[in-house]
Amino acid sequence: KVLVVGGGFAGIAAAARLQNEYGYQVLVLEARDRLGGRCHSLVDDSGVTVELGAAVLMGVQGGNPLAALCRRLGIRMHRLEPKCPIYDAELGGALPPELDARVEALFNEALEAASAAARAPHASSLFVFERAELEIDVAGKWVPATVVSREGGVSGGVERALVRYSLSPQQPSASGSGAAAGVAPALAASGAASASGAASAVSNASSRARRSSVGGRRACAEEWVTLPSARLRPPALESALAGALRARVDRSWGGAAERALQWHLANLEFACAASLESVSAAEWDQDDAFDYDGDHVLLPDGGYQALLMKMAKGLDVRLNTTVAGIEVRCDGSGIRAVCVESNEVHVADALVLTVPLGVLQTPPEAGGILFTPPLPPRKLDSISRLGFGLLNKVALWFDVPFWAHAIAAASPTADSSARASSSTTACGGADACGGVGVG
């Protein structure tokens, strides 16, 4: 006998195979009042399926196992057109194609550059933009720094950045400790930079920096650093995608172009289910290598849950059954799953656990699962270091479509008043594009 804890796709697929192909006696325990987990299909009164969770099935000709299951179980797949025009909230219509293409090209260029820079051993000049928070190597120690300004880089000119950082009372500046020629510091007390001092320091690259302080406060140093420089790095190299993109796309465009650019940023956050401030510049696209080729589709006749219910046919499933404890008996009498709410104890020879990561990360006293004996440290460490995003979906019904009937999806920009203070803004309709479904 095998217990399967969790009635999402992983649990149902495991249970169905154990029972149907290998002949085990299987019992599925699911805490919710439905099967599906992250897949939750809602069918409205008119028969239209709305996916509250996973929606788009991607790459149906490239070996996607869910597509193979759909074909085997007779689940109809509706192909999505690859076109996804952007409709501008203030123009009241679709963006001009040439503007749409130009903004998309700029955005893709910035993404590629950000990824390449993040994978380099040190921060490249891409991450050095005005007001950027970085770290600078001062006498072999990384200290927090801020980019005051950046100049050069035009027509083959030398690029450099003026970087400000604080000095501890006993800490020399970089040039005072034998920094390479061409790095010229300028000092100002308590964070107040001296423009004339900076100019003087720049004109004399070989001059030594002086420490100064006022009332015991730390001195502030400013250096012109030639770019790119191995002495500069983001404070978190793998989490700098937002800053890297901002360095490329933070332009005073205004109007529809800027709104389209903000849509692309918001759409990337949608795809990652996280703020770009927390997305890795080096690894944001790590799953691209595992993409399936072919069309993207929807499942119009009941959605993902219609597929899941066919997979679950013939299984013994107990809904509203929350497992609070899992106990492995030392005497070899099997595994016990304790369900406190229903006051039940299920015993089996083996147990397959497919609960969400969030449940595994929740301590028993807060509603998580109590393991007896405790999970080994290597598993607990892996569980604690894994992460996941949060994506909220809103379904809107329109009496009259504002988009052309010939397309499968359209995505609107937000109006200027809705623009967020960060580099992104909220937007609707991105999910229908078919390229960034949450399944």
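Looking only at segment 329-351, count every residue that is among the acidic types (Asp, Glu) and surrounded by fewer than 12 Cβ atoms within 10 Å (Cβ to Cβ) and tell me the total.
Result for segment 329-351: 2.
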Being more than 21 Å from the chain's Cα centre (by Cα), under 30 Å from GLU98 (Cβ atoms) and open to solvent by 30 Å² or more (accessible area, probe 1.4 Å): is that true of ASP316 here?
no
In segment 352-382, the residues that are outside any loop (DSSP other than H, G, I, E, B), open to solvent by 70 Å² or more (accessible area, probe 1.4 Å) and not hydrophobic (A, V, I, L, M, F, W, C):
GLU365, PRO377, ARG378, LYS379, ASP381
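Out of LEU66, LEU73, LEU80, LEU106, I need the residue that is of a type in the set (A, V, I, L, M), open to solvent by less than 60 Å² (accessible area, probe 1.4 Å), within 25 Å of the chain's Cα centre (by Cα) and over 30 Å from GLU258 (Cα atoms). Which one?
Going through LEU66, LEU73, LEU80, LEU106 in turn, just one is of a type in the set (A, V, I, L, M), open to solvent by less than 60 Å² (accessible area, probe 1.4 Å), within 25 Å of the chain's Cα centre (by Cα) and over 30 Å from GLU258 (Cα atoms): LEU66.
Is it the case that GLY36 is open to solvent by less than 20 Å² (accessible area, probe 1.4 Å) and either within 30 Å of ILE326 (Cβ to Cβ) or in a helix (DSSP H, G or I) (or both)?
Working: open to solvent by less than 20 Å² (accessible area, probe 1.4 Å): yes; either within 30 Å of ILE326 (Cβ to Cβ) or in a helix (DSSP H, G or I) (or both): yes.
Criteria met by GLY36.
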Could we say that GLY59 is open to solvent by less than 20 Å² (accessible area, probe 1.4 Å), at positive phi, in a loop (DSSP other than H, G, I, E, B) and in contact with a helix residue (DSSP H, G or I) (Cβ under 7 Å, 6 or more places away or on another chain) here?
no
Output the number of residues of segment 91-113 satisfying the condition of being out of contact with any helix residue (DSSP H, G or I) (no Cβ under 7 Å at 6 or more places or on another chain) and part of a loop (DSSP other than H, G, I, E, B).
2
Which ones in segment 265-299 are surrounded by 15 or more Cβ atoms within 10 Å (Cβ to Cβ), over 14 Å from the mean Cα position of the chain (by Cα) and on the phi < 0 side of the Ramachandran plot?
TYR292, ASP295, HIS296, VAL297, LEU298, LEU299
Right, ALA274: touching a residue at least 24 places away in the same chain (Cβ under 8 Å) and not β-branched (Val, Ile, Thr) or not?
yes
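The values are calculated or read from the model by the stated rules, or taken from the named source; none is laboratory data. This structure is a prediction, so every number in the text was calculated from the model and none was measured. Cβ atoms come from the backbone with ideal geometry, glycine included; neighbour counts cover every protein chain shown. To get the accessible areas, we keep the full protein, side chains included, count just its heavy atoms, and leave off ligands, DNA and RNA. Shrake-Rupley method; radii C 1.70, N 1.55, O 1.52, S 1.80 Å.
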